[in-house]
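Everything on this sheet refers to the single structure shown next.
The values are calculated or read from the model by the stated rules, or taken from the named source; none is laboratory data. Not measured: the values here are computed from a predicted model. Positions of Cβ are backbone-derived with ideal geometry, glycine not excepted, and every protein chain shown enters the neighbour counts. Each accessible area value is taken on the protein alone, full model and side chains, heavy atoms only, with ligands, DNA and RNA left out. Shrake-Rupley method; radii C 1.70, N 1.55, O 1.52, S 1.80 Å.
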Amino acid sequence: MEFPHLSIFIALSFALIVATNAALPPELYWKSKLPTTQMPKAITDLLNPTDLTEEKSTSVAVGKGGVNVNTGKGRGKPVHVVVGKSSPFLYNYAATATQLQDKSNVALFFLERNLHYGTKLNLQFTKTTSNNKANFLTKEVADSIPFSSNQVESILNKFSIKKGSEEAEIVKNTISECEENGIKGEEKLCVKSLESMVDFTTSKLGNNVEAVSTEVKKESSELQEYVIAKGVKKMGEKNKAVVCHKENYPYAVFYCHKTDTTKVYSVPLEGVDGNRVQAVAVCHTDTSQWNPKHLAFQVLKVQPGTVPVCHFLPQDHVVWVSK
């Protein structure tokens, strides 16, 4: 789905940012807050460094072929916003017909008892928003852009998105998901910048944390058989984790949530085609508060609150655990 050939700029002067003693650039902010934490690929892929020695403005534009985010002079590389894709990992949502038909999503779910060496699984590893390569904005820029259901019309106007279009529904749905109350025991926040992700995570887990994401040697175009290799490892202390799911939006937005009933595993996988994946798997030990029609229950044929439910995370999601 392509956006119409329209563009609009949201200009924020770098000089103003300097004058207000704004925070460090995202990469330096990370290093200042998390000096011993390595940045995972899911994060580095979304950073768009700017040369802070020059006076530049930041713009967000909608152009032909998708939304582009440009920090600096000239136009950014256009990217697509995927129509009809919603996250299958939100606890209080029933599975949609689209999700039930999406074999790559369905295949991500499994039972914890199968998480061991030698288990064979049919999987496909792609980025959930593989056509949406929208980068992080700096916190100053992201915070200056409206992001609420009562400002949807203003948001659509800023991005030159036609009211009633599929792209408009994406914007509305993402904001709605972000504003929805979490389930009992879930602390959640949609973060619009890397700085905000770091702040939310450290407020829940402290600064001695590890951030991980699934890393794939090569993406596959279809489901194939993988076997769990030796070296499955549980990560983090206790069962606490912050998981951040990338949303479908013109710029990088993550749905981050923390519960105390989450186990995180590093899982080496070997594909029949020789592909190697260092996957991140999350297992939920208490699903009693989930929507009974959640995708996991329909796929695994289990009831809420009966057995731990696990799923692999796509490449563009991030999991945080205490070291």
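Every residue, every condition in (1) without any contact (Cβ under 8 Å) to a residue 60 or more places away in the chain; (2) in contact with a strand residue (DSSP E or B) (Cβ under 6 Å, 6 or more places away or on another chain); (3) aliphatic (A, V, I, L, M), yes or no:
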| site | (1), (2), (3) |
| --- | --- |
| Glu186 | no, yes, no |
| Leu189 | no, yes, yes |
| Leu194 | no, no, yes |
| Phe200 | yes, yes, no |
| Asn208 | no, no, no |
| Val212 | no, yes, yes |
| Glu219 | no, no, no |
| Gln224 | no, yes, no |
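In segment 285-323, which residue that is over 17 Å from the mean Cα position of the chain (by Cα) and within 21 Å of Met197 (Cβ to Cβ) is surrounded by the most Cβ atoms within 10 Å (Cβ to Cβ)? The selected residue is Ser322. Considering only residues of segment 239-270 that are over 26 Å from Asn135 (Cα atoms) and among the charged types (D, E, K, R), which is modelled with the lowest pLDDT? Taking the candidates together, the pick is Lys240.
Any chance segment 135-154 includes a residue that's under 29 Å from Asn275 (Cβ atoms), within 13 Å of the chain's Cα centre (by Cα) and either of a type in the set (Gly, Ala, Ser) or part of a loop (DSSP other than H, G, I, E, B) (or both)? So far as segment 135-154 goes, yes, one or more of its residues are under 29 Å from Asn275 (Cβ atoms), within 13 Å of the chain's Cα centre (by Cα) and either of a type in the set (Gly, Ala, Ser) or part of a loop (DSSP other than H, G, I, E, B) (or both).
The residue that is surrounded by the fewest Cβ atoms within 10 Å (Cβ to Cβ), counting only those in segment 223-250 that are touching a Lys or Arg at 6+ places or on another chain (Cβ under 8 Å) and of a type in the set (S, T, N, Q), is Asn239. Within this structure, Gly236 fails the test of being farther than 24 Å from Thr287 by Cα and either modelled with pLDDT of 90 or more or touching a Gly at 6+ places or on another chain (Cβ under 7 Å) (or both).
Would you point out which residue out of Ser220, Ser196 is part of a loop (DSSP other than H, G, I, E, B), surrounded by 14 or more Cβ atoms within 10 Å (Cβ to Cβ) and among the small types (Gly, Ala, Ser)?
Step by step, each of Ser220, Ser196 is checked, and only Ser220 is part of a loop (DSSP other than H, G, I, E, B), surrounded by 14 or more Cβ atoms within 10 Å (Cβ to Cβ) and among the small types (Gly, Ala, Ser).
For every residue, the table says whether it meets (1) touching a residue at least 24 places away in the same chain (Cβ under 8 Å); (2) among the basic types (Lys, Arg).
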{"position": "Lys258", "(1), (2)": "yes, yes"}
{"position": "Pro268", "(1), (2)": "yes, no"}
{"position": "Val272", "(1), (2)": "yes, no"}
{"position": "Ala279", "(1), (2)": "yes, no"}
{"position": "Trp290", "(1), (2)": "yes, no"}
{"position": "Thr306", "(1), (2)": "no, no"}
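Criterion first (of a type outside the set (Lys, Arg) and over 13 Å from Cys256 (Cβ atoms)) does Ala211 satisfy it? Criteria not met by Ala211. Could you list, in sequence order, all residues of segment 251-284 that are among the aliphatic types (A, V, I, L, M), within 29 Å of Ser176 (Cα to Cα) and open to solvent by 40 Å² or more (accessible area, probe 1.4 Å)? If the condition is that a residue be among the aliphatic types (A, V, I, L, M), within 29 Å of Ser176 (Cα to Cα) and open to solvent by 40 Å² or more (accessible area, probe 1.4 Å), then no residue fits. Just the residues that are hydroxyl-bearing (Ser, Thr, Tyr) and more than 29 Å from Gly206 (Cα to Cα), please, taken from segment 255-306. Result: Thr306, single match. When we screen Leu123, Leu137, Leu46 for residues that are among the hydrophobic types (A, V, I, L, M, F, W, C), at pLDDT 85 or above, crowded, with 16+ Cβ neighbours inside 10 Å and closer than 24 Å to Lys293 by Cα, the only hit is Leu123.
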